[in-house]
Amino acid sequence: MKRDLESIKRKSVALAILGKRFGDSGLKDIFIESQIVAEGSISGVIDGKHYNRGVRAHKYLYEALMRLAWAEFTRRLESSDPNHRIPEVSFLEQVDRLANNLKEKSLDQLL
């Protein structure tokens, strides 16, 4: 029980750090305008006091950012401009080579 509370406390502190770091960059506005968090609850979410609401809000934000990143990635794969196009074959070959050559030793070297 004590470990669970300590874990939640650490996660609340992490949410508060994210809120402090990115709160002034429009994070509050994004959460309110997208109706993820009510205007009256936003300060508690940003301060890390409303744990469940904060986790939910950050999950939605993460999902939205990943969808935007993926959309841009696929757009660049399909781009006809050679300066903005990612060669699909070489990209897939690099991913395959990385997956096949990833061994514990090379992983330790990367870290």
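Annotation for the range 1-81: GluC sites (Glu not before Pro) lying in DSSP loop with at most 14 further Cβ atoms inside 10 Å of their Cβ are GLU39. Our coupling estimate for the range 67-74, obtained by passing each phi through the Karplus curve with A = 6.51, B = -1.76, C = 1.60 and θ = phi - 60°, is 5, 5, 5, 5, 4, 5, 4, 5 Hz, Gly and Pro reported as x. When each of VAL45, VAL37 is scored by the number of other beta-carbon atoms lying within 10 Å, the sequence from fewest to most is VAL37, VAL45.
In order along the range 44-57, the Karplus-derived 3J(HN,Hα) couplings, from 6.51 cos²θ - 1.76 cosθ + 1.60 at θ = phi - 60°, round to x, 5, 5, 7, x, 7, 9, 4, 4, 5, x, 5, 4, 4 Hz, and Gly and Pro are given as x.
Rule-based calculations on the coordinates, nothing more; no lab input. Owing to the predicted nature of the structure, the values given are computational and were not obtained by experimental measurement. Cβ: placed from backbone, ideal geometry, glycine included. Neighbour counts: every protein chain shown.
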